[in-house]
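Working notes, structure below.
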Amino acid sequence: MSNHFFEFLISHAKVYGFIFPSSEIYGGLNATYDYGPHGVELKNNIKEFWWKSMTLLHENIVGVDSSILMHPDIWNASGHIDKFNELLIDNRDSKKRYRPEILIQEYVEKKFLNNSEKKEKILSRLSQSLKKNDLIDVKALIDELCICDPIEKTKNWTDIRHFNMMFKIKNESEKDLYLRPETAQGIFSNFQNIRKSNRMKIPFGIAQIGKSFRNEIFARKFIFRMREFEQMEMQFFILPEEEIKWYEYWRKIRFKWHLELNLEYKKYYKLSDHDSLSHYESAGSDIEFYFPFGFQEIEGIHSRRDFDLKNHEFFSKKKFRIFEYKKNYIPYVIETSLGLDRLFLALLSSSLKKEKLKNGKIRIVLKLPYYLSPIKGAIFPLVQKDGLPEIAKKIFNEIKIHHRLVYDQKESIGKLYRRQDAIGTPFCFTVDYDTIKTDTVTMRNRDTMKQKRIHIKEISRIIEQETGLKKILLKLSCFT
Ligand code: ATP
């Protein structure tokens, strides 16, 4: 996949109402995006699929929807105030901020494209210095390599320093607040509420979908890295001695879930272990996806052990210990943390195709899994006369409460098909003159473009059968 493809994808997402730059009328706001009419439908379908995969397929997983604003001590206990930092370097001339490790990595990738030995040597020195938190050596690398500011082309760099990624909100009357950088803390802080109110017994999980906020310095790559994004997280509470068993289990289950989105996606995925661990984790791995700009993390699976519950017990002075299985203990936690926006981008990148047709023309088609498509079916009249629009509208009205459908008659039938292909609608149903005589319509499939006649009464059942979540959930239930 190329840069050219990525630009095409961003433009397609805008033209077809999936994603718009936020605050566009005022020139936009860096690293924030809005989801348009088709975007929000796709996003909701992804959420529903993830939510059902967690809560229907695992009877010991329940949900929560915690608030974004939380008591500021939460962030002391979680370690985010002290340790949720990125490295930062400023260029005094351009007044731009950069992540020093990314400056070095990108420079080396370009400069030593054909000298992998030199590249590896520099990257290994960078990795060693980062591990030792040796910021002086990271700066020395920038100086030795003579890396310039990409805009001003000068080397007028400041020292490297740490930068906390949480957004702080000034709160005149009380302590300052933070916008949450992960949804997980709303789960930990409700651990006892949920355990007691739902009579949960270890092992059990709590799932949550919600917004998170990070003041990303190097926010680029469209919706891949934003300052406001959505996470789908699940914290699974276990007996400490079962850490490895459940860590392996969730790694396997989550990887399988991604692969099952579409078998073709296999070539897009890999699973890799973390080189360096976050402040809260004792083991971690990433599910990576081959985005248009290379392999990058889409979901993290982490063993957080008792890091969070223990710290909350210490800071809040409330009991997080439980008595079960004849012992008194703080449960360990395995976390699965998926970025909804990254999955959205992954789906767009792997589904958006330009196909050459037999007549030499190109059609643009979004080959999303049917159950995630924003619109499940489109209903058209072949022509806008002789009562065909009325019949088509009647069919639409009769089944619209069961499925997300569109009715369209604004263009010629060929153009209507192309538009539905471009937004990924699996089926189009066209009312023609035979419909008047036989109560049948043509049904066109997005992927094969083949058409067949079906009875009007069949439309709803076919949409349900082919585009509902039932089939995929049944398949996934075999792996749990
Ligand atoms: P990265 O290394 O790419 O910054 P991370 O390791 O900090 O990601 P986690 O803290 O593990 O990410 O968060 C879990 C998931 O949340 C990630 O796998 C990703 O899908 C998503 N995510 C994290 N940061 C962002 C962001 N700025 N924009 C969009 N999604 C994000």
Pick out the one residue from Arg418, Arg453, Arg446 that is of a type in the set (Lys, Arg), in contact with a helix residue (DSSP H, G or I) (Cβ under 8 Å, 6 or more places away or on another chain) and in contact (Cβ under 8 Å) with a residue 40 or more places away in the chain.
Arg446
So the strands (runs of 3 or more DSSP E) completely within the range 221-335 holding 1 or more residues that are within 30 Å of Tyr178 (Cα to Cα) and either in the same structural domain as Ile10 (by TED's automatic domain parsing) or small (Gly, Ala, Ser) (or both) are 228-238, 283-291, 294-305, 322-324
Against the definition (among the β-branched types (Val, Ile, Thr) and surrounded by 14 or more Cβ atoms within 10 Å (Cβ to Cβ)), how does Ile25 come out, yes or no?
no
Does at least one position in the range 448-461 carry a residue that is modelled with pLDDT of 95 or more, in a helix (DSSP H, G or I) and under 31 Å from the mean Cα position of the chain (by Cα)?
yes
When you go through (1) touching a residue at least 40 places away in the same chain (Cβ under 8 Å); (2) in the same structural domain as Phe8 (by TED's automatic domain parsing); (3) away from the ligand (no atom under 16 Å from the Cβ) one by one for Leu343, which number turns out not to apply?
(3)
Just name the residue that is surrounded by the fewest Cβ atoms within 10 Å (Cβ to Cβ) out of those in the range 352-384 that are aliphatic (A, V, I, L, M) and over 17 Å from Gln451 (Cα atoms).
Ile362
The range 321-340: number of residues that are crowded, with 21+ Cβ neighbours inside 10 Å and either free of Cβ contacts under 8 Å to residues at least 12 places away in the same chain or more than 16 Å from the ligand (Cβ to nearest atom) (or both):
2
From Ser373, Ser349, which residue is at pLDDT 95 or above and polar (S, T, N, Q)?
Ser373
Name the residues in the range 174-220 that are of a type outside the set (A, V, I, L, M) and either in a helix (DSSP H, G or I) or not assigned by TED's automatic domain parsing to the domain that holds Val64 (or both), would you?
Gln185, Gly186, Phe188, Phe191, Gln192, Asn193, Arg195, Lys196, Ser197
Name the residues in the range 223-282 that are away from the ligand (no atom under 15 Å from the Cβ) and either of a type in the set (Asp, Glu) or at pLDDT below 80 (or both), would you?
Glu241, Glu242, Glu243, Glu248, Glu260, Asn262, Leu263, Glu264, Tyr265, Lys266, Lys267
Please determine, by comparing only the residues of the range 389-435 that are small (Gly, Ala, Ser) and farther than 17 Å from Ile459 by Cα, which one is surrounded by the fewest Cβ atoms within 10 Å (Cβ to Cβ).
Gly414
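The values are calculated or read from the model by the stated rules, or taken from the named source; none is laboratory data. As the structure is a computational prediction, the values presented were derived from the model and not from experiment. As a convention, Cβ positions derive from the backbone with ideal geometry for all residues, glycine included, and neighbour counts pool all protein chains shown.
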